[in-house]
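Just below is one structure, and these are the notes that go with it.
The values are calculated or read from the model by the stated rules, or taken from the named source; none is laboratory data. Keep in mind it's a predicted model, so treat the numbers as computed, not measured. Positions of Cβ are generated from backbone atoms using ideal geometry, with glycine treated the same way; all protein chains shown enter the neighbour counts. Only protein heavy atoms, including side chains, enter the accessible area calculation; ligands, DNA and RNA are left aside. Shrake-Rupley method; radii C 1.70, N 1.55, O 1.52, S 1.80 Å.
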Amino acid sequence: MYAGYEQFCENIGGELAKDALKKDFPRIYGYLRENGEAILVKFKIPFIDIENYDKDSIVYHFVAYFAGKYFWNYNYEIHFDGNTNKDIVPNNILEIIPYLIDRYYFHSGD
């Protein structure tokens with residue numbers, strides 16, 4: 001949805017682990033990047049399990065959606081980013097979607 005977000009389809013232990021491996025252990029980083037597939041995981045989560053500092057932003061997007069629909073008949077898309085304070089349990093995973101777009105930052109020479 002946002003430029004560059006697809007790099008997080010490749011998860012090597014999160015952003016901090018990715019940055020540390022890339023800088024200090026480039027061979028391990030290269031191995032991990034070249035052995036796996038990028039995916040998107042669609043899941044459900046109760047609103048209470050979203051971190052408090054992200055909740056206002058998420059509520060804003062829903063209000064904008066309904067205001068656009070009601071006042072201007074505008075089809076506003078709901079997109080938001082957030083963090084959870086709990087793990088996603090397997091039965092809450094709705095879909096695993098292969099990510100097939102090849103971007104320059106997916107390659108070891110980045």
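Some notes on this structure:
- Sparse-neighbourhood loop sites, trypsin sites (Lys or Arg not before Pro) in the range 37-93 - DSSP loop, at most 16 other Cβ within 10 angstrom: Lys44, Lys86
- Candidates per GluC sites (Glu not before Pro) in the range 30-84, loop by DSSP, up to 14 other Cβ within 10 Å: Glu37, Glu51, Glu77
- Solvent exposure ordering (accessible area, 1.4 Å, most first) of Arg33, Arg27: Arg27, Arg33
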